[in-house]
Ligand SMILES: [Zn+2]
């Protein structure tokens with residue numbers, strides 16, 4: 001196998017305190033990385049770097065682990081420009097706009113859905129995302145949900161069954177019948193393609209009892225839970241997520257003290273999605289409160305055509321720092337190691353020997369520039385599974 005050394009990395013985020021300066025980011029100055037195949041083989045000072053087949057001189061640029069975007073909705077068709085435009089002209093956001101995308105997705109061909117997915121994956125990769133999770137949830141029939149997951153599974157291992165996104169119009173008068181479908185025939189058809197089961201636990205979507213039934217049925221089929229929780233209002237989602245040992249409770253915008261205490265005492269990561277608050281002009285989640293309570297926080301895009309149509313993790317980092325009171329270091333950690341924790345992965349989100357060779361170089365001397373220079377395309381080089389893709 002070919003080895004590649006990347007030398008003269010001015011400042012490297014490893015997320016391994018022991019490798020670097022003992023901070024959570026494990027910062028290393030004048031660093032080098034050796035990649036062997038799809039793995040990191042060596043990390044240390046450039047002066048000590050072992051010989052490799054190829055060498056890339058980073059010229060003092062900063063290096064970071066590839067972003068782990070642990071929450072996206074990329075199997076969809078159609079466009080919701082008008083809805084966004086109307087919202088930015090004063091109309092409020094509700095969960096119902098999802099139905100527009102459901103109609104367009106059902107009408108699309110498999111080829112069109114896959115082309116759309118790969119378009120946004122390439123877009124995300126250019127911006128440094130080397131791992132992404134993505135969900136179904138715009139099909140909401142047995143065939144359309146299974147189709148979405150089958151397409152997603154060809155592009156990532158982190159596939160989430162979200163048949164319980166909303167109750168589709170065809171079941172408007174029979175929500176119990178829809179929950180029976182989601183926990184029965186639809187689950188049977190979808191489970192072979194998915195690792196995770198998710199539910200939008202929210203007023204206008206699914207209540208606590210329905211969410212419990214859906215997540216429990218998914219667990220019985222070998223899927224692991226994650227929950228859209230407490231986005232638009234207070235509710236049972238976060239505590240249900242902790243109780244069922246969900247890998248992540250996502251959004252966490254409206255939290256009681258009991259919710260924060262539950263997250264702090266359990267293994268469930270709080271995934272914050274500030275693109276959604278940005279795009280709906282909603283109240284920001286209180287990241288500071290969660291971090292100060294000792295909760296593990298991940299940062300992700302929620303990329304979807306309705307409420308957060310950004311694939312840019314750097315943009316979310318900038319929002320988290322300015323508007324959610326995270327420090328730049330915390331935001332970078334949450335978008336890399338935090339995302340990995342939200343997917344219960346230890347092989348990604350860090351630059352340590354044995355980890356997957358997923359990393360990015362920035363056209364900047366420090367990772368802090370991701371927040372300091374918002375909106376600037378700083379990601380200059382990307383390696384994914386050891387392959388240079390940018
Ligand atoms: Zn979402």
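Couple of notes before you dig in:
- For 243, 143, order by how many other beta-carbon atoms lie within 10 Å, fewest first: 143, 243
- Between the Cα long axis of helix 98-107 and the first principal axis of the chain there is an angle of about 90°, rounded to the nearest 10.
- Packing-based order for 104-114, 21-31, using average beta carbon neighbours within 10 Å, highest first: 21-31, 104-114
- DSSP bridge orientation in the range 67-343 - percent antiparallel, rounded to nearest 5: 5 percent
- Exposure proxy order (Cβ contacts within 10 Å, fewest to most) of 319, 362: 319, 362
- Extension gain, residue 265 to residue 111: 0.36 nm times the residue separation minus the Cα-Cα distance gives 51.0 nm.
- Nearest 10 degrees, 0 to 90: helix 208-220 Cα axis against the chain principal axis: 60 degrees
- Projected area, mean over directions - the range 67-343, Cα convex hull, nm²: 12.6 nm²
- Label point at residue 2 placed 7 Å out along Cα→Cβ; residues across the range 40-68 whose backbone nitrogen lies under 15 Å: 52-57
- Modelled spin labels at residue 38 and residue 174, positioned 7 Å past Cα toward Cβ, are 4.4 nm from each other.
- A simple spin-label model places pseudo-atoms 7 Å from Cα toward Cβ; at residue 366 and residue 23 they are separated by 0.7 nm.
- Over the residues of the chain, the helix contribution to mean residue ellipticity at 222 nm works out to -9000 deg cm²/dmol, using -39500 (n - 2.57) for each DSSP H run of at least 4.
- The chain: relative contact order in percent, alpha carbon pairs under 8 Å with at least 6 residues between: 20 percent
- Separation in nanometres of the label points that stand 7 Å from Cα toward Cβ, at residue 203 and residue 388: 5.4 nm
- Evaluated over the Cα positions of the range 256-390, the convex hull gives a direction-averaged projected area, one quarter of its surface, of 8.8 nm².
- Sequence ranges 57-66, 174-183, ranked by mean other-Cβ count within 10 angstrom, highest first: 57-66, 174-183
- Listing 383, 196 from fewest to most neighbouring C-beta atoms within 10 Å gives 196, 383.
Every number in this text was worked out from the coordinates using simple rules, so none of it is lab data. Predicted, not measured: the structure shown is a model, and the values here were computed from it. Glycine gets a Cβ as well: all are built from the backbone with ideal geometry, and neighbour counts include every protein chain shown.
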